[in-house]
Amino acid sequence: MLNYTFDWSIITSGKYFDWLVAGLITTLKLSTISIVMAFLLGLLIAVMRMSNSKPIRWFAHAYLEFFRNTPLLVQIFFWYFGSYKILPTAVNDWLVSTNFEFAAAAIALTIYTSAFIAEDIRSGVLSIPKEQMEAARSAGFSYLRSMQYIILPQAVRITIPPLVNQFLNVAKNSSLAMTIGVMEMTYQARQVESYTFKGFEAFTAATVVYLLLSILITALVNAYNEKVLNIHKAA
Amino acid sequence: MIVFKGVHKWFKTLHVLNDINLHVTPGEVLVVCGPSGSGKSTLIRTINQLEPINEGSLIVDGYDLSDKKTDINKLRAEVGFVFQQFNLYPHLSVISNITLAPTKIRNISKKEAEEQAMVLLTRVGLSEKRDAYPSQLSGGQQQRVAIARALAMKPRIMLFDEPTSALDPEMIGEVLAVMKDLALSGMTMVVVTHEMGFAREVAHRVAFMADGIVLEEAHPEDFFMRPQHERAKQFLRQLLTPMQAECP
């Protein structure tokens, strides 16, 4: 016989429901900020990686090898427990008085993911025929402006499927932020479980939230792709 | 307007341009022809520094291309380039292909740029295609848009690198007609082409290249009727024979 009484009411109303909603909002905030920042940073690193200047190229290469080859959890711990120690005491105190857990998690997620996104975008750029760059340069665009107006818009479209993967990873990886005390979805589900011993319900709620969040991200990117990017369909 | 003086270029050990001396005056149409591998594409690509030169001096519209301090982007804005493969921007509509450089480089307003673009599109006979995408156009239409795109920058020189070589035969005429119209309007043009009819009718001068050397430089009438160099005679024979065979 099943020795467990289901009580779904704890996750659909009352205090525990509020906790879960608070967790959901934090997860949404953390994921959104990290996705946007990681995308922008990834673009920058990708362009640096293809720069004509050797030091810039070398820096970008070192950056992405460093950040994609170390565990995200270690990076989160580094930013949270390590980074602020080398800062002046005043800055240190100020950081601790703010929501530093959230900032550290967002920084770690952003930097970690940007390394993967940079490589995805670079492979997209390499797939654009070199004649596109020639056409842009011969119109008088500088290298960076050519990238901005002609190469990257095409490369990003090609890069959409791997980018969706990276965005989904950010949403799911944001759960690691609980280890430094960010009160996001997984943290709150854990709390609910500790207070009620209703682990099945609490983690079912968390599972459903991550699932819906992932589906939402995929749908948003696909809608954007359809509407804004995928406009030159053959007649 | 374009002055080559003792220009040399090497690809590794291959001597692709060997002591080029050419002078194109304003309003002149120079056609460059020659067998494949003769260096004619490289030659035209040096004029807007898609290929840098290794030796000699090249002055284009007052810009010294052998001087490293020359702002190459400024020169390129004054020189239109039309490619064999059109190279339209596939993610932009026809009108945006044309207005991108004028709005971003010349900083003119979008409205003004679109008005000018429509004038150009009408001129190349494609005003109804303003919102189409490059993939929806035929090769000939794409090349005409590419010409309009180059003209939108109000260039002082237009360069054409085998503009009809990638086209189906029935589309060559429509592109040549646009180029002829442009030549008659007084544009300074350098055209690499195998279209000898165009050369004969429109060019002021023909330069014949082989193995990186300009072997002959002459008025089209002289070049076609009285070619001096053996390579030029051979080239013209090969080019003209199949056409004569077709016409009874």
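Please enumerate the residues belonging to region B:123-173 that are in contact with a strand residue (DSSP E or B) (Cβ under 8 Å, 6 or more places away or on another chain) and β-branched (Val, Ile, Thr).
Within region B:123-173, B:Ile147, B:Ile157 meet the criteria.
Look at A:Ile107 and say whether it is of a type outside the set (Lys, Arg), in contact (Cβ under 8 Å) with a residue 24 or more places away in the chain and under 20 Å from A:Ile56 (Cβ atoms).
Answer is no for this residue.
What about B:Met171, is it in contact (Cβ under 8 Å) with a residue 24 or more places away in the chain, in contact with a Ser or Thr (Cβ under 8 Å, 6 or more places away or on another chain) and over 30 Å from B:Gly62 (Cβ atoms)?
Spelling it out, B:Met171 is indeed in contact (Cβ under 8 Å) with a residue 24 or more places away in the chain, in contact with a Ser or Thr (Cβ under 8 Å, 6 or more places away or on another chain) and over 30 Å from B:Gly62 (Cβ atoms).
Would you check which residues across region A:99-135 are over 14 Å from A:Val156 (Cβ atoms), part of a helix (DSSP H, G or I) and within 14 Å of chain B (Cβ to nearest Cβ) and list them?
A:Lys130, A:Glu131, A:Met133, A:Glu134, A:Ala135
Which residues, counting only those in region B:17-40, are crowded, with 18+ Cβ neighbours inside 10 Å and either within 14 Å of chain A (Cβ to nearest Cβ) or assigned to a strand (DSSP E or B) (or both)?
At the first step, the residues of region B:17-40 found to be crowded, with 18+ Cβ neighbours inside 10 Å are B:17, B:20, B:22, B:24, B:28-34, B:38-40.
Within region B:17-40, B:Leu17, B:Ile20, B:Leu22, B:Val24, B:Val29, B:Leu30, B:Val31, B:Val32, B:Cys33 qualify.
Picking from B:Glu55, B:Glu51, which residue would you name as being over 13 Å from B:Ile213 (Cβ atoms) and touching a His at 6+ places or on another chain (Cβ under 7 Å)?
B:Glu55
Restrict the check to region A:157-175 and report whether at least one residue is modelled with pLDDT under 95, within 14 Å of chain B (Cβ to nearest Cβ) and under 18 Å from the mean Cα position of the chain (by Cα).
yes
If I filter region B:109-118 down to residues being touching a helix residue (DSSP H, G or I) at 6+ places or on another chain (Cβ under 9 Å) and not basic (Lys, Arg), which single residue comes out as farthest from B:Arg144 (Cα to Cα)?
Of all residues in region B:109-118, those touching a helix residue (DSSP H, G or I) at 6+ places or on another chain (Cβ under 9 Å) come to B:109-110, B:112-114, B:116-118.
Next cut, not basic (Lys, Arg) only: B:109, B:112-114, B:116-118.
Values: B:Ser109: 24, B:Glu112: 21, B:Ala113: 18, B:Glu114: 17, B:Gln116: 15, B:Ala117: 12, B:Met118: 13 Å.
This residue is B:Ser109.
Of all residues in region B:41-74, how many are polar (S, T, N, Q), more than 13 Å from B:Lys9 (Cα to Cα) and either at the interface with chain A (Cβ under 9 Å from one of its Cβ atoms) or in contact (Cβ under 8 Å) with a residue 12 or more places away in the chain (or both)?
Matching residues across region B:41-74 total 2.
Scan region A:1-28 residue by residue and report those that are touching a residue at least 24 places away in the same chain (Cβ under 8 Å) and not aromatic (Phe, Trp, Tyr).
A:Asp7, A:Ile10, A:Ile11, A:Leu20, A:Ala22, A:Gly23, A:Leu24, A:Thr26, A:Thr27, A:Leu28
Quick check on this structure: which one of B:Gln244, B:Gln238, B:Gln228 is modelled with pLDDT under 95 and part of a loop (DSSP other than H, G, I, E, B)?
Details: B:Gln244 fails: part of a loop (DSSP other than H, G, I, E, B); B:Gln238 fails: part of a loop (DSSP other than H, G, I, E, B).
Selected residue: B:Gln228, the only one of B:Gln244, B:Gln238, B:Gln228 that is modelled with pLDDT under 95 and part of a loop (DSSP other than H, G, I, E, B).
So is A:Ser214 more than 14 Å from chain B (Cβ to nearest Cβ), closer than 21 Å to A:Ile76 by Cα and in contact with a Leu (Cβ under 8 Å, 6 or more places away or on another chain) or not?
no
The values are calculated or read from the model by the stated rules, or taken from the named source; none is laboratory data. These numbers were taken from a predicted model, which means no experiment stands behind them. Cβ: placed from backbone, ideal geometry, glycine included. Neighbour counts: every protein chain shown.
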